[in-house]
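The values are calculated or read from the model by the stated rules, or taken from the named source; none is laboratory data. Note that the structure is predicted; figures quoted are calculated from it, not measured. With ideal geometry, Cβ positions are generated from the backbone for all residues, glycine too; neighbour counts draw on all protein chains shown. Heavy atoms of the whole protein, side chains included, go into the accessibility calculation; ligands, DNA and RNA do not. Shrake-Rupley method; radii C 1.70, N 1.55, O 1.52, S 1.80 Å.
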Amino acid sequence: MFSVRIWGDRGSIPCPGPATVKFGGNTSCLEIRADDRLIIVDLGTGVKPLGDWLMANDFKKGPINADIFITHTHWDHIMGFPMFTPIFIPGTKLRIRGPVSYEDETLESIIGAQLSYRYWPVRQSELAADITYDQLKETQLDLGDGLTVRTKYLNHPILCLGYRFEYEGKSIITAYDNEPFRNVFPTDPNDPSYDEDAAREGELAAREENEKILWFFKDADVLIHDTQYTKKEYEAGKIGWGHSSFEHAINSAHKAGVKQLVLFHHDPNRTDQQLEELETEYKKRIAGKTEMQIMMAREGLVISA
């Protein structure tokens, strides 16, 4: 069995309430199962219900033992950590890995800073779990038991990694928070800052980086991709914010031969009704044009690779 379950799919901030019941209001958290292996991607507020579920189910078989991968250290992706029940239970073993943008701060200090008296009543030194931290860059890791993970830098205001988990010939990929690479140099010859060589090199660099992302996605069984905005919303004032449009994600996944695309990292202002309407609209747009399946992420959804 190789599958992923969604415990949190929102971006930026939790958004509980009657308008977000169906798709959920928790921030990023995924549970990946490779038979008996447990992998968690991100520690957003969705990790709180995941922790409660693990204590009620997995804990019956023994202490919780998990590999945790952080996409990046923006708060919506780590803020659930102090509420993750297994960290208070002796015998818990957690291996936390992720990128760090500032070399003078470790992953442990960034995540652990939440566990200080100014923010939380329990300090990191008081946790009962056995927790190790490891800073990641672009690499490939053998996690044992036939499970591997490959990392890829994405385009976000701080260092952010996509993860490609592979097990028994199947692949599950995360690609959020991510924005298409673009030329940052002026391309209008009438612009006072225009430089022909810089403009040409900028176009080439952006194209190459986007091609690398497509190669990372190639033939994935499941791709969970950032779709915080529609194309219209993105172009109207969200360029440079570090997120993708539905259109970009769908086009990229189709080009890469992805089998199942999960639309993820919902804008906190997006209601259940709006997400349902968008899901219907984009399914209609691609009907008959691709064999790829698309679905809107929702809490509790389980997708098998």
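Taking other residues whose beta carbon is less than 9 angstrom from the beta carbon of Y167, and scoring Lys, Arg as +1 and Asp, Glu as -1, yields -2.
When the surface is traced with a 1.4 Å probe over the full set of protein chains, T132 keeps roughly 70 Å² accessible. Under 5 Å between amide hydrogens, built in the peptide plane, is the criterion, and for S101 it picks out L159 among residues at least 5 positions away or on other chains.
How large, in percent, is the carbon and sulfur part of the accessible surface of the chain at a probe radius of 1.4 Å? So the carbon and sulfur contribution to the accessible surface is 51 percent.
Ranking K289, K170 by solvent-accessible area of protein heavy atoms (1.4 Å probe, all protein chains present), from largest to smallest, gives K289, K170.
The candidates M292, M83, M55, M1, arranged from most to least accessible area with a 1.4 Å probe in the full protein assembly, appear as M1, M83, M55, M292.
Within a straight-line Cα-Cα reach of under 13 Å, K283 can be paired with the following aspartates and glutamates, leaving aside sequence neighbours fewer than 8 residues apart in one chain: E247, E291. Among the protein heavy atoms, those of S125 account for about 100 Å² of accessible surface (1.4 Å probe, every chain in place). In the context of the full set of protein chains, the chain has a per residue accessible area of 46 Å² (1.4 Å probe). Our helix-only sum for the chain, with -39,500 (n - 2.57) per DSSP H run of n ≥ 4 divided by its residues, gives a mean residue ellipticity at 222 nm of -7000 deg cm²/dmol. Computed 3J(HN,Hα) for region 164-173, one whole-Hz value per residue from the Karplus formula 6.51 cos²θ - 1.76 cosθ + 1.60 where θ = phi - 60°, is 10, 8, 10, 7, 6, x, 10, 9, 10, 10, glycine and proline marked x.
For M296, the residues 5 or more places off, or on other chains, whose built amide H falls under 5 Å of its own are L263. Along region 228-241 the Karplus relation, 6.51 cos²θ - 1.76 cosθ + 1.60 evaluated at θ = phi - 60°, assigns HN-Hα couplings of 5, 10, 7, 4, 4, 5, 4, 6, 7, x, 10, 5, x, 7 Hz to successive residues, with x for each Gly and Pro. The heavy atoms of Y133 offer some 50 square angstrom of accessible surface to a 1.4 angstrom probe.
When only the heavy atoms of the protein chains count and the probe is 1.4 Å, how do E277, E291 rank by accessible area, highest first?
Accessible-area ranking of E277, E291, largest first: E291, E277.
The alpha-carbon atoms of region 1-45, seen along their principal axes, cover 35, 18, 10 angstrom, with the largest extent given first. Computed from backbone phi, the HN-Hα couplings of region 2-9 come to 9, 8, 10, 10, 9, 10, x, 9 Hz, rounded to whole numbers (Karplus: 6.51 cos²θ - 1.76 cosθ + 1.60, θ = phi - 60°; Gly and Pro given as x). In this structure the amide hydrogen of L38, modeled in the peptide plane, comes within under 5 Å of the amide hydrogens of D67, none closer than 5 places in sequence on its chain. A viscosity of 1.567 mPa s and a temperature of 4 °C, combined with the Kirkwood radius over Cα pairs in Stokes-Einstein, give a translational diffusion coefficient for the chain of 65 µm²/s. For region 53-140, just say rounded, prolate or oblate: build the C-alpha gyration tensor, square-root its eigenvalues into a ≥ b ≥ c, call rounded for a/c under 1.5, and beyond that prolate if a/b exceeds b/c, oblate if not. Because a/c hits 1.5 or more and a/b fails to exceed b/c, region 53-140 counts as oblate.
Look at the dipole of the chain built from charges on Cβ: of H225, L94, Q140, the Cα furthest out on the positive end belongs to L94. Pairs of Cα atoms nearer than 8 Å and 6+ residues apart set the relative contact order; for region 2-304 it is 18 percent.
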